[in-house]
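Worksheet: the structure to be examined is printed underneath.
The values are calculated or read from the model by the stated rules, or taken from the named source; none is laboratory data. Remember, predicted model here, so these are calculated numbers, not experimental data. FYI the Cβ positions are ideal-geometry reconstructions off the backbone, even for glycines, and counts take in every protein chain you see.
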Amino acid sequence: MTRARFTSGCQVWMEKTTDMTTHFGESTPGMELILFQCLAPAATSVSLVGDFNNWSPSAHPMLRQSNGSWQVEVFLNRGRHYYQFLVDGEPILDPEAMCSICRQRDSKVSLIALC
């Protein structure tokens, strides 16, 4: 299991597990189950948006945890994926992402790459 360093803010934990409360998608060859986590204790809603769900805020709602973090597991294909967290409707970059890039003029997104 590989985990990103825990800091205040949002982050991705990459681990192979199926013991979380919520996960989306089906496991197929070439896919990995990725745990996304966002620390936002004051938020009323958090969702994961990205190129893997057509940037849909309703596709991957995150589940609040007792420590103030929000989590969701998603099966992703190998390759590069661009994403953001929506915290109460506001886009937030993942400070623990591999990097952030400009997707469109004045719009940054986080990047995860799966080999």
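Okay, here's what the table says:
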| read-out | value |
| --- | --- |
| Single residue of Val74, Val87 found to be modelled with pLDDT of 95 or more and under 11 Å from the mean Cα position of the chain (by Cα) | Val74 |
| Qualifying residue in segment 91-111 (condition: outside any strand (DSSP E or B), touching a residue at least 12 places away in the same chain (Cβ under 8 Å) and basic (Lys, Arg)) | no |
| Where Ala4 falls short, out of the listed (1) closer than 17 Å to Leu93 by Cα; (2) at pLDDT 50 or above | (2) |
| Selection from segment 63-115 of residues that are touching a helix residue (DSSP H, G or I) at 6+ places or on another chain (Cβ under 6 Å) and of a type in the set (Ser, Thr, Tyr) | Tyr82 |
| Residue within segment 51-59 that is touching a Phe, Trp or Tyr at 6+ places or on another chain (Cβ under 8 Å), under 19 Å from Met98 (Cβ atoms), surrounded by 16 or more Cβ atoms within 10 Å (Cβ to Cβ) and modelled with pLDDT of 95 or more present | yes |
| Residue that is farthest from Asp51 (Cα to Cα), among those in segment 65-104 that are surrounded by fewer than 15 Cβ atoms within 10 Å (Cβ to Cβ) and of a type in the set (A, V, I, L, M) | Met98 |
| Per-region count, segment 33-50, residues of a type in the set (S, T, N, Q) and either closer than 22 Å to Gly79 by Cα or without any contact (Cβ under 8 Å) to a residue 12 or more places away in the chain (or both) | 2 |
